[in-house]
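The values are calculated or read from the model by the stated rules, or taken from the named source; none is laboratory data. Note that the coordinates shown come from a computational prediction; the quantities given were computed from them, not determined experimentally. Cβ: placed from backbone, ideal geometry, glycine included. Neighbour counts: every protein chain shown. The protein model used for the area step is the full one, side chains on, heavy atoms only, and it has no ligands, DNA or RNA in it. Shrake-Rupley method; radii C 1.70, N 1.55, O 1.52, S 1.80 Å.
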Amino acid sequence: MVEENYYLNGSLSIPLFWQWLGNLISQYKINFIVLKPRSNLSVHIYDKHSDQIDNFLLSAQCINLEWSPDGETLALIQEKSSLLLLWDANSKKISLQLDTNMKSLRLLKWSENGDKLSIGTAKGNLFILDRRSGKKIPVMGKHTKSIVCGAWNSDDCFACASDDQTFSISNTAGDTLFQMPIKGDPSQMQWNKNTNKDNKSESLLSIVLNERSLFFYNTNDSNSPTELSFQTKYGNIVNYEWFGESSIIIGFSLGYLIVISTKKNEIGQEIFQSRDHKDVLTDVSISLALNKVATCGDTCIKIHDLSDMQDVWAIINLDDERCKLDEIGWSEDGQFLTISTKE
């Protein structure tokens, strides 16, 4: 069963961030959802029953926030502030305010095991926090312009891309292991987390360029990067997710949803195509627990079965035409699907 929760806050566009926390003592699961404000300074955290767990005011606009993989900590950074805030899900209050001594914080990414937290700045600098030891590593001049996207892999390597149209891969000490130019403005960097079981770590990195193409870099074959462009009629890439060992599902702004293969001999081949929404598609989200993918756009949500994309498992229509859908997200167990609206 999918439950629908709608949170409206004036005319705000509210990104959704689900977190799952396993409580070993009481042997039950708690789901939290946090609403990040775009124009006011209040952060609201709710449980899965829509009961507010906590709320607090920031000193400036929230630039970014992200849950740690273990679900224990929410990290936040603010406009025109060098402070990193950590909110603890167990005590339900802010547990740390850390001065990074860096200006114009922009990017925020936890490592796979949650031990490290990386922060990128608009100046191209990098800050790495070791949550367990408390060690702080400032890295000046990682890039010459703003760091706009990044991702950790299971080997504790941090990849990030910049407005200087380069991307780099660094170790936990901040040392650059690899760097290369790219042909476009980067966004939405991801490692393939669903590699073959025989592989101990991820090797394939993907980056959206100019909102129109996907760039792939294989750490095992660094001499053969690949860039895939898509049909103009699809529009811009809104969001994409890896699933299975070698498939990517992509949502496009003009309503299209496609699935492509990333197998070596089939890379870029379209496996599935559908125009899910007539005018606009605004987000895509996969639930691995349900083996389902949801898209939202116009005033409609569509849910497909990943094992048979032709199977539209559910269609949810909103009668109120003023509710222009914005972002969509599943809880980890797939029991809750939450949608934000632009109005």
All-but-one check, Ser26 against (1) in a loop (DSSP other than H, G, I, E, B); (2) open to solvent by 30 Å² or more (accessible area, probe 1.4 Å); (3) over 30 Å from Ala314 (Cβ atoms); (4) modelled with pLDDT of 55 or more, failing number (4)
Inside segment 59-99, the number of residues satisfying the requirement of being more than 22 Å from the chain's Cα centre (by Cα) and not in a strand (DSSP E or B) is 8
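So which residues in segment 254-288 are open to solvent by 30 Å² or more (accessible area, probe 1.4 Å) and touching a Phe, Trp or Tyr at 6+ places or on another chain (Cβ under 8 Å), if there are any at all?
Matches in segment 254-288: Leu254, Ile267, Gln273, Arg275, Leu288.
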Picked from segment 219-253 (must be crowded, with 18+ Cβ neighbours inside 10 Å and farther than 17 Å from Gln188 by Cβ), the residue modelled with the highest pLDDT is Thr219
All conditions in (1) open to solvent by 60 Å² or more (accessible area, probe 1.4 Å); (2) acidic (Asp, Glu); (3) closer than 17 Å to Ile237 by Cβ are true of Asp326 except (1)
Per the filter on segment 168-188, residues under 21 Å from Asn239 (Cα atoms) and either surrounded by 18 or more Cβ atoms within 10 Å (Cβ to Cβ) or among the aromatic types (Phe, Trp, Tyr) (or both) are Ile182, Pro186, Gln188
Filtering segment 128-156 for residues that are among the hydrophobic types (A, V, I, L, M, F, W, C) and without any contact (Cβ under 8 Å) to a residue 40 or more places away in the chain leaves a count of 3
Taking the conditions exactly as written (of a type in the set (D, E, K, R), within 27 Å of Asp51 (Cβ to Cβ) and surrounded by fewer than 18 Cβ atoms within 10 Å (Cβ to Cβ)), does Lys92 satisfy them or not? yes
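Can you tell me which residues in segment 94-114 are acidic (Asp, Glu) and at pLDDT below 95?
Taking segment 94-114 first, the residues acidic (Asp, Glu) are 99, 112.
Across segment 94-114, the qualifying residue is only Glu112.
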Could you go through segment 113-120 and let me know if any residue there is in a strand (DSSP E or B), out of contact with any Lys or Arg (no Cβ under 7 Å at 6 or more places or on another chain), of a type outside the set (Asp, Glu) and within 22 Å of Tyr240 (Cβ to Cβ). no
Only one of Lys292, Lys278 is under 27 Å from Ser229 (Cα atoms), basic (Lys, Arg) and within 23 Å of the chain's Cα centre (by Cα), namely Lys292
